[in-house]
Amino acid sequence: MASLPVQALPASKRLDEPPPAHTRIGPVILSVANISLDFGGVRAISDVSFDVREHEVLAIIGPNGAGKSSMLNVINGVYHAQQGRIRFKDREFAAMQPHRAAAMGIARTFQNLALFKGMSVLDNIMTGRNMKMRTGILAQALRVGPAEREEMRHREVVEHIIDFLEIQAYRKTPVGRLAYGLQKRVDLGRALALEPEVLLLDEPMAGMNVEEKQDMCRFILDVNEQYGTTIVLIEHDMGVVMDISDRIVVLDYGRKIGDGTPGEVRGNRAVIDAYLGATH
Amino acid sequence: MFFRENGQFKSTYRADMQLLPIAQDRYFVLALVAFAFFAVPLLVSDYLYLSIINPFLILTLAAIGLNLLVGYCGQISIGHAAFMAWGAYAAYNLVQRVPMLNFLVVLVLAGLVAALVGMFFGIPSLRIKGLYLAVATLAAQFFTDWIFARVKWFTNYSSSGSVSTAPVQIFGWTIGTPRDKYLFVLGVVIVFTLVARNLVRGHLGRAWMATRDMDVAAEVIGIRPVYAKLTAFGVSSFYCGVAGALWGFFHLGSWEPLAFNLNLSFDLLFMIIIGGMGSILGSYLGAAFIVALPIALNQIPEKLGVPLSTAMASNVEFMIFGSLIVLFLVLEPHGLARLWAIGKEKLRLWPFPH
């Protein structure tokens, strides 16, 4: 495991408070500029721009239909925006492709569970390693040395992820049989298996009870701290959002209406109007 | 089975990832293979080889091939007999035109020809799914029926359009008797079963299953749909090509293009539906079911002393067959393999309720 960035700080500080944001957060790693997305005349996103900085936790919030999930889909190439550019690690794209996004280090979890239902927990997470596996079809067919060694190497990484997410007991269980909260963890595990630099989480805590939400928050913050992974998450629970994010982007009807620290966003008039309704 | 994995702890990933992690399973399968190779030849009559065992084994191979595509990768095909035809005609032409080739090489080449054709007809799968893809694969069936009936080169300009084969020789072993054919086919099927198991538990198999279960998620974690779908079509057609060559040389002996028509495609599909989608064992069970059932339905009334006219018997056979398929689809869509798995799970705890 990567050494904790936190360890650089004095122990006393580490225990009571998270490291101050400015020591952890790096330069801009991902930026979307002037993104507009239409679905046959319906405008889902119009002219949205924002930056994501390395190692930060960025939340995207907004009422239903604000274009949050579409935004994530544009970032990892499931949707192609009609206008705008995506800049990731100093390369600029008009449209991402899903496998290129994956290869460059963007992983993703899904709002409605998108696990591979017919496969075990282990296989689901192993599939996240697929991109890094190279042995050819013949070597796999005969399962000769290299194929098996490769499989074992990646199995070890996957076992670390299983340990981290505390799902050892369900390793061989078909994911369809797991409780909802555990399935969400497997979804996170599959994304982590890519060893991403940017992790896009689409409502990781939707439909969970308080304990499950706390567990999930802990996993997200641990991933962020231990691996330094940049997190972009969509979440509706404002308590969670205000608590764990460094910065918040607010969308409403496909437009960006707020962008800043939790404190700034909380005081933003447009945001309050969008959530509470404004009299026009 | 009637045993549990108690006390068999795995301390290495290799031990945990082996084909049959439970020791008793390994012994059982080894015993079964030994029985098939050494005991069956002593017990079985030529009639049984010709009418049941050999067709069962060859169709199992084809069913495994179709299962890799439909059951593991989720791409439906109702034209797989076409790829068997390509394998059979490729083998026939290779044997005719390049007689010095070893038949094992011929088998592999026949498989490769079928794989190429299969990948070509798999290209529509990149754009369409489900029923639409099924209709597109039907094109493979009709095109193949047409080309082998019309293009005389493939049938070596035989006047009737049918082709016939001489007994195969491998390393001086003439595979002529039904028993020899059985032993050869058995060897081939066992090797290809192992290969299929290895493929589906490796990263290629995971790519297939991921594409089957949730194609968008698969793409997002870096699996290229082009790669997953076309390899599935290729490997699947390879299996069917080899099975087709075996079907032609060891079961039919001589055949005409109609031998690989739509009916055979449907039979293969029934096998994997009844046997179990996404299960290698299911391919065996389904093939056994489809091959043995008509014969059993034919013989049981006779044995029971109920005289049935031939016409009546064949009608009853169709009715029972049809209703069994409907029953299976309704009651256990995952087929015999799932029933087997459920039984095994129940027996793990039996006779204790928890």
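Summary of packing: across the peptides A:168-178, B:321-331, the per-residue average of other C-beta atoms within 10 Å ranks them, highest first, as A:168-178, B:321-331. Shielding of peptide A:131-143 by partners, expressed as the average count of other chain Cβ atoms within 10 Å per residue Cβ, is 5.
What average count of beta carbons from other chains do you get within 10 Å of the Cβ of residues in A:69-77? Across the residues of A:69-77, the mean count of other-chain Cβ atoms within 10 Å is 1.
When each of the peptides A:201-207, A:101-107, A:28-34, A:39-45 is scored by the mean number of other C-beta atoms lying within 10 Å of its residues, the order from highest to lowest reads A:101-107, A:201-207, A:28-34, A:39-45. Farthest toward the positive end of the dipole of region A:91-244, out of A:189, A:110, A:145, is the Cα of A:145, where the dipole comes from beta carbon charges about the Cα centre.
Between residue B:98 and residue A:28, how high is the FRET efficiency from 1/(1 + (r/R0)^6) when r is the Cβ-Cβ distance and R₀ = 56 Å? Nearest 0.05. Please list the in-between numbers first.
Numbers: r = 63 Å, r/R0 = 1.13.
The value I calculate is 0.30.
Scalar couplings 3J(HN,Hα) for region A:188-199, obtained by applying the Karplus form with A = 6.51, B = -1.76, C = 1.60 to θ = phi - 60°, are 5, x, 4, 5, 5, 4, 6, 6, x, 8, 10, 10 Hz; x denotes Gly and Pro. Each of residue B:171 and residue A:172 was given a label point 7 Å from its Cα along the Cα-to-Cβ line. The distance between the two points is 3.7 nm.
The base-10 log of I(q)/I(0) for the protein assembly as shown, evaluated at q = 0.06, 0.07, 0.08 Å⁻¹, reads -0.42, -0.55, -0.69 [Debye formula, identical scatterers on Cα atoms, solvent excluded].
Taking amide H as placed 1.01 Å from N in the peptide plane, the amide H of residue A:83 sits under 5 Å from that of A:36, each at least 5 places away or on another chain. A Förster distance of 41 Å, applied to the separation of the beta-carbon atoms of residue A:39 and residue B:350, puts the FRET efficiency at 0.15. The listed residues A:164, B:56, B:266, once ranked by accessible area (1.4 Å probe) with the largest placed first, stand as B:266, B:56, A:164.
In this structure, the pairs whose alpha-carbon distance is over 32 Å, taken from A:172/A:213; A:213/B:10; A:184/B:129; B:129/B:346; A:89/A:172; A:117/B:10, are A:213/B:10; B:129/B:346; A:89/A:172. Using the average count of surrounding beta-carbon atoms within 10 Å as a protection proxy, the listed peptides A:232-242, A:135-145, B:240-250 rank, highest first, as B:240-250, A:232-242, A:135-145. Considering only B:272, B:22, B:58, the Gaussian network model of chain B with Cα springs below 10 Å gives its largest mean-square fluctuation to B:22.
Note that chain B carries a Kirkwood radius of 21.6 Å, evaluated over its alpha carbons pair by pair. Counts of other chain beta carbons within 10 angstrom of each beta carbon in peptide B:200-212 average 6. Taken about its Cα centre, the protein assembly as shown carries a charge dipole of roughly 1160 debye when the Cβ of each Lys and Arg holds +1 and the Cβ of each Asp and Glu holds -1.
Accessible surface calculations at 1.4 Å, restricted to protein heavy atoms, place region B:27-143 at 44 Å² per residue.
The values are calculated or read from the model by the stated rules, or taken from the named source; none is laboratory data. Source: prediction; values computed, not measured. All Cβ positions, even for glycine, are placed from backbone atoms using ideal geometry, and neighbour counts span all protein chains on display. Note: accessible area is taken over every heavy atom of the protein model, side chains too, but ligands, DNA and RNA are not part of it. Shrake-Rupley method; radii C 1.70, N 1.55, O 1.52, S 1.80 Å.
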